[in-house]
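Novice: I have a structure here, written as structure tokens, and I will follow up with some questions on it.
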Amino acid sequence: MPHHLLRFSRELDRRLDALTQTTGLSKAELIERCLESGVAALEAELMVEGAKAERAGTSIDQLLRESGLGA
């Protein structure tokens with residue numbers, strides 16, 4: 001697995017240190033969990049935005065026809 005060099009602010013590094021003490025997890029595990037949940041949220045957000053952008057050019061008549069509610 002490739003490794004990446006990440007630089008964190010002192011405050012964020014302090015918070016990660018506190019979490020390692022509290023949870024017993026390594027910084028690497030905590031960072032990976034944060035990234036996984038953050039990437040999942042970002043993917044969902046971008047998918048919704050992409051769907052909105054696709055629909056933005058669609059007329060209300062077309063939307064109604066596609067949904068089966070229109071003529």
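None of the figures in this text is laboratory data; all of them are computed from the coordinates on show. These figures come from a predicted structure and were not determined experimentally. With ideal geometry, Cβ positions are generated from the backbone for all residues, glycine too; neighbour counts draw on all protein chains shown.
Novice: Determine one quarter of the surface area of the Cα convex hull of region 1-43, which equals its mean projected area, and express it in nm² to one decimal. Please list the in-between numbers first.
Specialist: Numbers: hull surface 14.8 nm².
With every direction weighted equally, the projected area is 3.7 nm².
Novice: Just to check I understand the Karplus step: with θ = phi - 60° and J = 6.51 cos²θ - 1.76 cosθ + 1.60, what whole-Hz values come out for region 8-16, glycine and proline as x?
Specialist: 10, 5, 4, 5, 5, 5, 4, 5, 5
Novice: How would you order 4-11, 37-44 from highest to lowest mean count of nearby Cβ atoms within 10 Å? Intermediate results must be reported in sequence, preceding the final value.
Specialist: Working: 4-11: 7.5, 37-44: 10.1.
Ranking the peptides 4-11, 37-44 by packing returns 37-44, 4-11.
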